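A quick write-up on the structure given underneath.
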Amino acid sequence: MNPIPWRLRAAISDHFPLFYHYAANLLRPRRSQCYWDDRLAETWQRRTWPTKNALIAERVQHDDAILDIACGNGSILRDLRARGFTNLSGLELSRYAVDRLRAEGFTMFHGALPRVPVADASFDVVIASQILEHVIRRDLFCSEITRVLRPAGQAFFFVPNDCLGPIDEPEHVIKYRRASFEAFMRKHFEVLAIEVIKDANHSMSILLGQVRRKGEVAPPG
């Protein structure tokens, strides 16, 4: 798409992000599991989210069953364990990450989104950090999250705020702004909070959606 003027490419990326994603990746080889294995091995200790981790820890209970979807190098899981959380699980496409985190004592699941290969009503908390913008079948993905949440369970979604569309990151299939993100969250969940945050280790603005299953009432206390 390089011969196309940048302004036009930017407009296509903003208004037709999925088309741009497909066009940008048309001639690129599909990134295999081996690619993600190698990438995670190279960056295992580099990506941490201290502000995000603290925010999650403040809003969940220490005995909650927590699933981090597309957990990558497991930085969120390790941070939560250091804070005293014990019932921690991750889901990853990378076999390298699954094996390494399993060796560290975490319960790990292997699979590719939008499916979430865990049993119904298995978790009190689901974390989907910097992953929704990668998922084409987002409605199915959110249905899967609803399925695996327990009654009154909650989910935390984090996405880039009005940045990193397909023109910037060809792996992304959409760019969210606060209004579009909130509308999508409300389509699938009861919204507890929509916030704009910045993590101490990252300069970009991030949208947080804290949600729970529709029609659920949280237990007292």
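The values are calculated or read from the model by the stated rules, or taken from the named source; none is laboratory data. Computed from a predicted model, the values in this text were never measured in an experiment. For neighbour counting, all protein chains shown are included, and Cβ atoms are generated from backbone atoms with ideal geometry for every residue, glycine included.
What do you reckon, is Arg78 surrounded by fewer than 19 Cβ atoms within 10 Å (Cβ to Cβ), under 19 Å from the mean Cα position of the chain (by Cα), under 18 Å from Val126 (Cα atoms) and modelled with pLDDT of 80 or more? Yes: the conditions hold for Arg78.
Which members of segment 61-100 meet the condition of being farther than 19 Å from Gln130 by Cα, assigned to a helix (DSSP H, G or I) and either touching a residue at least 60 places away in the same chain (Cβ under 8 Å) or of a type outside the set (Asp, Glu) (or both)?
Taking segment 61-100 and keeping what is farther than 19 Å from Gln130 by Cα, we get 61-65, 81-87, 95-96, 99-100.
In the following step, the residues that additionally are assigned to a helix (DSSP H, G or I) were identified as 81-82, 95-96, 99-100.
If the condition is that a residue be farther than 19 Å from Gln130 by Cα, assigned to a helix (DSSP H, G or I) and either touching a residue at least 60 places away in the same chain (Cβ under 8 Å) or of a type outside the set (Asp, Glu) (or both), then Arg81, Ala82, Arg95, Tyr96, Arg100 are the ones that fit.
Where residues in segment 120-140 are in contact with a strand residue (DSSP E or B) (Cβ under 7 Å, 6 or more places away or on another chain) and part of a helix (DSSP H, G or I), which of them is surrounded by the fewest Cβ atoms within 10 Å (Cβ to Cβ)?
Keep residues of segment 120-140 that are in contact with a strand residue (DSSP E or B) (Cβ under 7 Å, 6 or more places away or on another chain), which gives 121, 123-133.
Keeping just the survivors that are part of a helix (DSSP H, G or I) gives 132-133.
On the way: Leu132: 26, Glu133: 21.
The residue in question is Glu133.
Every condition in (1) touching a residue at least 60 places away in the same chain (Cβ under 8 Å); (2) not aliphatic (A, V, I, L, M); (3) not in a loop (DSSP other than H, G, I, E, B) holds for Tyr35 except the one numbered (1). In a loop (DSSP other than H, G, I, E, B) and in contact (Cβ under 8 Å) with a residue 12 or more places away in the chain - does that describe any residue in segment 178-198? Yes, some residue in segment 178-198 is in a loop (DSSP other than H, G, I, E, B) and in contact (Cβ under 8 Å) with a residue 12 or more places away in the chain. Of the residues making up segment 141-154, not a single one is farther than 21 Å from Gln210 by Cβ and either crowded, with 20+ Cβ neighbours inside 10 Å or out of contact with any His (no Cβ under 9 Å at 6 or more places or on another chain) (or both). Within the set Thr86, Thr51, the sole residue that is under 16 Å from the mean Cα position of the chain (by Cα), farther than 22 Å from Glu171 by Cβ and surrounded by fewer than 18 Cβ atoms within 10 Å (Cβ to Cβ) turns out to be Thr51. Would you say Gly209 is buried (at least 16 other Cβ atoms within 10 Å of the Cβ) and over 28 Å from Arg95 (Cβ atoms)? So Gly209 passes the test.
Only one of the numbered conditions (1) assigned to a strand (DSSP E or B); (2) touching a Phe, Trp or Tyr at 6+ places or on another chain (Cβ under 9 Å) is not met by Pro166, and that is (1).
Can you find a residue that is in a strand (DSSP E or B) and surrounded by fewer than 20 Cβ atoms within 10 Å (Cβ to Cβ) anywhere in segment 109-119? Yes, some residue in segment 109-119 is in a strand (DSSP E or B) and surrounded by fewer than 20 Cβ atoms within 10 Å (Cβ to Cβ).
Conditions (1) modelled with pLDDT of 95 or more; (2) at negative phi, marked per residue:
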position: Val126; (1), (2): yes, yes
position: Val135; (1), (2): yes, yes
position: Arg138; (1), (2): yes, yes
position: Leu164; (1), (2): no, no
position: Ile167; (1), (2): no, yes
position: Met185; (1), (2): yes, yes
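Sort out which residues of segment 179-189 are charged (D, E, K, R) and either surrounded by 15 or more Cβ atoms within 10 Å (Cβ to Cβ) or in contact with a Cys (Cβ under 6 Å, 6 or more places away or on another chain) (or both), and write them in order of number. Step through it out loud before you land on a result.
Residues of segment 179-189 charged (D, E, K, R): 182, 186-187.
Hit for segment 179-189 is Glu182, nothing else.
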